[in-house]
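Please treat every number below as a calculation from the coordinates, not as lab data. Everything numeric here is computed off the predicted structure, so don't read it as measured data. Heads up, the Cβs are rebuilt from the backbone with ideal geometry, glycines too, and the neighbour counts pull from every protein chain shown.
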Amino acid sequence: MDSLRQEKLQKFEEFVDRRLKPDLVRAIAERDKVFDQQKIFSDLRKNIETLEKNSVTSLRTLVNLGSEVYTQAEVPDTQRIFVDIGLGFHVEFTWSEALKFISLREEKLKRQIEEYTRLIASIKAQIKLVCEGIRELLQIPEDKTVEGRVF
Amino acid sequence: MGKPEVKGTVTSLSSMFPPEEVQKAAKMVEEKLSEKQNEMNQLKEFIADNTSLVNLVQKLPDELHHDIMVPFGKAAFFPGGLIHTNEFLVLLGESYYADRTAKQTVEILKRRGKSLMSKVDALKAEMQDLKAEASFFDSTTSEVAEDLVEIKEYEEDNSTERVFQSGPAELESPTLAEADNKMDSKLGASKDDEYARLMSRLDELEKEELAAEDDGENDEDEDEDANATETDGDENELTEAAFQWKKDEGYSSRDHGQRYSECTGLTAEPVTQGEMSHGRIIHQDSKMLNPSINASVPSEKKPVQTSKSEFDSSKAFTGSIVEHTENLEKKIPGQNTTSSESSGSKPSKPVSRFKMQRK
């Protein structure tokens, strides 16, 4: 009996460690990626709003050539902005269009994040379930053995 | 061969080096190796990026103005252009920047490239070491798979260890060991512990030497030959010699050490054929041993000086040192048959080759 229990226990533990925990880690990583995207777009939105507010027509920036070597760059006309809409496409927008697009994008990202959060929660629940099962298996035999030993 | 006094145990290598453990160790080494490989790849990428950047920085000053798409954050671009194409802002680290011209920037980048290369070299050296480890584990695995058996024989008298590994079910004749064992037993049981320690060290050194000398033998033998492999010296020692070299290291070194320790006195080293191998090992060891032993030797001129106080199966040198002096001839015949045979033959041989080798 005990050996059977041990086997079951081992199987449960293995299941948790090998399937559930990596799943959890992966889900969290995916969610973090979406978080990053969300942050990028919100930053962009804020910048465009700032530009609009200050009516900036041209600006100077430093462009990273790689390995943190910067070159000065000048943007003569800031009215046109090219935004990455995914799949390698960049669309030319005016500021207002850009802002509209960004808000749409942000909503989509929010929905994705919610989904990932739900997935993560379900995985965590599964882990808890299995742990409870393990605990039960451990406790019951303990009680029995204890009774057995007590004369 | 099988003397009533000789007791022994046979342990398979697989029990000494459980295959699972060996495999685990091999896996771990492999993992480390792959980690290092990844690091190496990353470093190589950096180096490639650096070189391409050097080219770019050299090309930019060719024009006053370059039309580019200026990134704005990670997801947007502005059409614009590069200006002041000869001025570069370089990050020196720790939030320190420097305005440099193209030439100066190229120099900075080249220096960076050099440091990256040196890192790559260091990493390569580490990987070499790991590979050596991995090959050792692999060979151990294969040996274990072959069911090599470690055979230890103990002599009651001196509690000297003779350990030698035999091929699958092959019993390496304890010939070589026997001779030594016999001598050990004859010569005497107790030696100073210090002596024993010296001998054990000698044995290990001998083993290493033997491994280096012996092309045919596996290096593992040495490793696995924790215990001196001593085989009873029989007349067949020669046959065993080749195979047992490594094994015999332990005792051979011992014997030799002992003999050599006597130095002056040891002329007729019982150089059994088997011991030839030892001789090689020994002559190096003897050199090393001699200074240390000489110190102790004078104090113990007795021919029989075997430190069998400790029977340490883990050491090649079991701790008993057999010193053969002129007295050997007397003792040898008296003590053990086989050993006497072998030992007897030794004195008859010309001054041991060890001596010659030694000198």
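Worth a mention:
- Kirkwood Rh, angstrom, segment A:60-117 [1 / mean 1/r, Cα pairs]: 13.9 Å
- Put in line by how crowded their Cβ is, counting other Cβ atoms within 10 Å and starting with the fewest, A:Ile127, A:Ile81, B:Ile83 read B:Ile83, A:Ile127, A:Ile81.
- Helix runs (DSSP H) in chain A reaching 24 Å along axis by Cα, Kyte-Doolittle at least -0.5: A:95-149
- Within segment A:1-75, the proportion of C-alpha pairs whose separation exceeds 14 Å stands at 79%.
- Unsatisfied cross-links (Cα-Cα over 22 Å) in the set B:Lys44/B:Lys119; A:Lys21/A:Lys128; A:Lys39/B:Lys44; A:Lys21/B:Lys44; B:Lys36/B:Lys74; A:Lys128/B:Lys27: A:Lys39/B:Lys44; A:Lys21/B:Lys44; B:Lys36/B:Lys74; A:Lys128/B:Lys27
- Ellipsoid semi-axes in whole angstrom, largest first, where each is sqrt(5λ) of the Cα gyration tensor of segment A:1-129: 48, 17, 10
- 11 Å beta-carbon shell around B:Phe46, net charge (K/R +1, D/E -1): 0
- Residue order, fewest to most surrounding Cβ atoms within 10 angstrom, among B:Asp121, A:Asp84: B:Asp121, A:Asp84
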